[in-house]
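The values are calculated or read from the model by the stated rules, or taken from the named source; none is laboratory data. Keep in mind that this is a model prediction, so the values were computed, not measured. Cβ sites come from the backbone with ideal geometry, for glycine too, and all protein chains shown count toward neighbours. For the accessible areas, the whole protein counts, side chains as well, though only heavy atoms, and no ligand, DNA or RNA atoms are used. Shrake-Rupley method; radii C 1.70, N 1.55, O 1.52, S 1.80 Å.
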Amino acid sequence: MFFLTPVLVAVVCILIVWIFKNGDGSSKRRKGEPRARAEVRPWVDEDLKDNTDLHQGEEAANDWQESEEDVEHIPFSHTRYPEKEMVKRSQEFYALLSKRRSVRFISNEQVPMEVIDNVIKTAGTAPSGAHTEPWTFVVVKDPDVKHKIREIIEEEEEINYLKRMGRQWVTDLKKLRTNWVKEYLDAAPVLILIFKQVHGVAANGKRKVHYYNEISVSIACGLLLAALQNVGLVTVTTTPLNCGPRLRVLLGRPTNEKLLMLLPVGYASKEATVPNLTRKPVDHIRVTV
């Protein structure tokens, strides 16, 4: 009769544990492929994921609209300023934008719609991949629609603050005194919801590729913020986590549009306050090679 010594028993146990520990992973991974690390990124909104470039090769070729082969090129008209004037203009523009703040206390006083149209036209001058202009700016003035938007956002934001965002993110926001209650969504006379078009739709129904759509729309948002500051209006950049699909449906937008940002726009209320924050000096953000 064969008897196992204590040493042999220990060796057999170690081998069994090793086989079970590594056998399951090796069957699911290719040889030499590293084990994937679980990555928790609660700030990535499922509705914002850009899959424009994924699986395009699998689509039928006739589903996509061919781009224009040729566009007329014309002489470029440009104003060149003397160096002193350049310095002066750059200083003045910086002084203007350095006063821009995220303001959560917004008056319900109405703003001229011509101004709103002009700042959106300014945003529409942004560069875009292959000049596809993949943006839609939805302006909401109707009080009932604004309140429905607030209800959707506050419902999701409460879950975000209590569950999705995590302790560190919530802690980082404490100094800003922000939470899931968004009174400014009712108070602001105008809400501008900026959607990115993950692809376009041609007149014949075929889809048009929108290259770098999220980057392009983000640049347009930056120009919009500068334009609002230029006319004396305030806003706060909001990216409603997990609200995109419901807001898209509420506003009747097509499925190729994904919500990127929401801006409540108006005049600052008389009791408005902002946190006393400082910005990094140029030596901390500029690298010269």
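Would you say Glu133 is within 18 Å of the chain's Cα centre (by Cα), in a loop (DSSP other than H, G, I, E, B) and surrounded by 11 or more Cβ atoms within 10 Å (Cβ to Cβ)? Answer is yes for this residue. List pairs: first residue in the range 173-191 and farther than 14 Å from Pro264 by Cα, second residue among the basic types (Lys, Arg) and open to solvent by 50 Å² or more (accessible area, probe 1.4 Å) anywhere in the structure, Cβ distance under 9 angstrom, at least six positions apart or on different chains. Close Cβ pairs (under 9 Å, with a partner that is among the basic types (Lys, Arg) and open to solvent by 50 Å² or more (accessible area, probe 1.4 Å)) amount to Leu176/Arg104; Arg177/Arg104; Thr178/Arg104. Close contacts from the range 271-289, counting a first residue that is within 27 Å of Ser107 (Cβ to Cβ) and a second that is part of a loop (DSSP other than H, G, I, E, B) and of a type in the set (A, V, I, L, M), with Cβ to Cβ under 7 Å and a gap of 6+ residues or different chains, come to Ala272/Val103; Val274/Val103. Inspect the range 193-207 for any residue being under 28 Å from Arg279 (Cα atoms), crowded, with 16+ Cβ neighbours inside 10 Å and of a type in the set (Gly, Ala, Ser) and give the result as yes or no. No, every residue in the range 193-207 fails to be under 28 Å from Arg279 (Cα atoms), crowded, with 16+ Cβ neighbours inside 10 Å and of a type in the set (Gly, Ala, Ser).
When Glu257 is tested against (1) open to solvent by 20 Å² or more (accessible area, probe 1.4 Å); (2) charged (D, E, K, R); (3) touching a Phe, Trp or Tyr at 6+ places or on another chain (Cβ under 8 Å), only condition (1) is not met. Would you call Tyr211 over 30 Å from Gln110 (Cα atoms) and either at pLDDT below 95 or open to solvent by 20 Å² or more (accessible area, probe 1.4 Å) (or both)? Yes: the conditions hold for Tyr211.
Scanning the range 75-109 for residues that are among the polar types (S, T, N, Q) and in contact (Cβ under 8 Å) with a residue 24 or more places away in the chain, which turns out most open to solvent (accessible area, probe 1.4 Å)?
Residue satisfying both the conditions and the ranking: Asn108.
Residue check: Gly266 meets all listed conditions (1) at pLDDT 95 or above; (2) more than 25 Å from Gly200 (Cα to Cα); (3) surrounded by fewer than 21 Cβ atoms within 10 Å (Cβ to Cβ) but one, namely (3). Residues that are open to solvent by less than 80 Å² (accessible area, probe 1.4 Å), in a helix (DSSP H, G or I) and aliphatic (A, V, I, L, M) within the range 157-190 comprise Ile159, Val170, Leu173, Leu176, Leu185, Ala187, listed in sequence order.
Taking the range 110-119 as the range and being part of a helix (DSSP H, G or I) and either without any contact (Cβ under 8 Å) to a residue 12 or more places away in the chain or closer than 20 Å to Pro143 by Cα (or both) as the test, the residues that pass are Met113, Glu114, Val115, Ile116, Asp117. With respect to Val138, is the statement that it is open to solvent by less than 90 Å² (accessible area, probe 1.4 Å), closer than 22 Å to Met261 by Cβ and not in a strand (DSSP E or B) true? No, not satisfied. Scanning the range 129-169 for residues that are in contact with a Phe, Trp or Tyr (Cβ under 6 Å, 6 or more places away or on another chain) and of a type outside the set (D, E, K, R) yields a count of 4.
Whether any residue in the range 66-74 is under 28 Å from Ser218 (Cα atoms), at pLDDT 90 or above and surrounded by 11 or more Cβ atoms within 10 Å (Cβ to Cβ) is what I want to check. So far as the range 66-74 goes, no, none of its residues is under 28 Å from Ser218 (Cα atoms), at pLDDT 90 or above and surrounded by 11 or more Cβ atoms within 10 Å (Cβ to Cβ).
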